[in-house]
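Encoded as structure tokens, the structure appears first; notes follow it.
The values are calculated or read from the model by the stated rules, or taken from the named source; none is laboratory data. Quick caveat, the model's predicted, so the values are computed rather than measured. We place every Cβ from the backbone using ideal geometry, glycine too, and count neighbours over all the protein chains shown.
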Amino acid sequence: MSSETAVRLPVIDFSKQELKPGSPEWDLVKLQVREALEEYGCFEALFDQVLELRHAVFGSMEELFDLPLQTKKLYVSGKLFRGYSRDASGLHENMAIDDAHIPENIESDLTNILWPQGNKSFSETLVSFTQLASGLEKTIRRMILEIFGVEKYVDEFIDSTNYILKVMKYEGSQSSKPSLRAHSDQNLVTLLYQNEVNGLEIQNKDGEWINVKPSPNTFFVMTGESLSVWLNGGLSSTYHRVTMKESKARYCVGLFATPRGGYQVKAPKELVDDKNGLLFKPFDYEEFLGFYSIHAARGALESGLKAYCSV
């Protein structure tokens, strides 16, 4: 299968009101999540509620990235991989907002910097999107912990989570060269929501690249390296890249669930025994990012989390 071929990845419906822990609907969806993650490490989450925000979300992103470059550069952060960044070609730029699940952070840390006069509709749109996406992410992660029989850690695990909201723009291009080089996300879980322009590709178990073409009412869900470590290698992270093949710009907004700084990520004792020894040492995610940033700057993205904390 070539990267020119589009394969429909599993689509799992999270829109039903009856989707409550312990219900038959919950157990059915949880089984679908398990099968999708074991086969692909990712899936599309059908979530009709996001359609109500679609026009506002991508309208806000166009408004944001249409700002002058010197204005966008005002958005800085003292933390790694946050703030505004732009690649050397200028074809890919993004802004990453820390603790985006706290509504005040979006307005104070981003909106008021870029629009000193205020931009209430912009803030409200990003806040609404973050609340919607983070609620879905918590549901998905709860299911994953139930699949592995460690659901008693759900509250502790979720309470120690930071949500980073990243808005991204990829300029149109018809080059075969990836606009975003292949990598696995280092966080826990990633939810992506994009406009109608495709470009995301995932690598399957056979090493072949598959085009991802999500629908307007779906999030693309991927697991990251931190979750794999927490599960003692129980799930593989999703290896992916972006290759632009259209002249129109691709806008994408992602919610990245990460372990909060100071929280020691370590596998529960229930996932370690004589047959399944401990694979990874406990680690602090923010401390790891310091290591990763050095290697990423050198282009060594394979020097990721598992290299950092393997036993």
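For the reader, a short list of remarks on this structure follows.
- Residue within region 144-162 that is within 19 Å of Asn94 (Cβ to Cβ) and surrounded by fewer than 18 Cβ atoms within 10 Å (Cβ to Cβ) present: no
To keep it simple, each residue is scored yes or no on (1) of a type outside the set (Gly, Ala, Ser); (2) modelled with pLDDT of 95 or more; (3) surrounded by fewer than 12 Cβ atoms within 10 Å (Cβ to Cβ); (4) within 21 Å of Phe220 (Cβ to Cβ).
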{"residue": "Thr5", "(1), (2), (3), (4)": "yes, no, yes, yes"}
{"residue": "Leu9", "(1), (2), (3), (4)": "yes, no, no, yes"}
{"residue": "Ala36", "(1), (2), (3), (4)": "no, yes, no, yes"}
{"residue": "Phe47", "(1), (2), (3), (4)": "yes, yes, no, yes"}
{"residue": "Glu63", "(1), (2), (3), (4)": "yes, yes, no, no"}
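- Residue satisfying all of: in region 91-127; among the small types (Gly, Ala, Ser) and under 17 Å from the mean Cα position of the chain (by Cα); farthest from Asp66 (Cα to Cα) among these: Ala100
- Where strands (runs of 3 or more DSSP E) sit wholly within region 194-311, those with at least 2 residues that are more than 26 Å from Leu145 (Cβ to Cβ) occupy 200-203, 209-211, 239-242, 250-259.
Residues checked against (1) farther than 15 Å from Gly224 by Cβ; (2) under 20 Å from the mean Cα position of the chain (by Cα); (3) at pLDDT 90 or above; (4) not hydrophobic (A, V, I, L, M, F, W, C):
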{"position": "Val265", "(1), (2), (3), (4)": "no, yes, yes, no"}
{"position": "Glu270", "(1), (2), (3), (4)": "yes, no, yes, yes"}
{"position": "Asp274", "(1), (2), (3), (4)": "yes, no, no, yes"}
{"position": "Leu278", "(1), (2), (3), (4)": "yes, no, yes, no"}
{"position": "Pro282", "(1), (2), (3), (4)": "yes, no, yes, yes"}
{"position": "Gly290", "(1), (2), (3), (4)": "yes, yes, no, yes"}
{"position": "Ser293", "(1), (2), (3), (4)": "yes, yes, no, yes"}
{"position": "Ala297", "(1), (2), (3), (4)": "yes, no, no, no"}
{"position": "Ser303", "(1), (2), (3), (4)": "yes, yes, no, yes"}
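- Restricted to region 177-200, and to residues there that are more than 14 Å from the chain's Cα centre (by Cα) and charged (D, E, K, R), the residue that is surrounded by the fewest Cβ atoms within 10 Å (Cβ to Cβ) is Lys177.
- Scanning region 120-163 for residues that are free of Cβ contacts under 8 Å to residues at least 12 places away in the same chain and not charged (D, E, K, R) yields a count of 1.
- Flag if Glu52 is surrounded by fewer than 19 Cβ atoms within 10 Å (Cβ to Cβ), acidic (Asp, Glu) and more than 30 Å from Val265 (Cβ to Cβ): yes
- Pairs meeting the criteria (first residue in region 249-267 and at positive phi, second residue assigned to a loop (DSSP other than H, G, I, E, B), beta carbons under 6 Å, at least 6 apart or on different chains) are lacking.
- Some residue of region 162-185 being of a type in the set (Gly, Ala, Ser), in a loop (DSSP other than H, G, I, E, B), within 27 Å of Ala307 (Cα to Cα) and at pLDDT 95 or above: no
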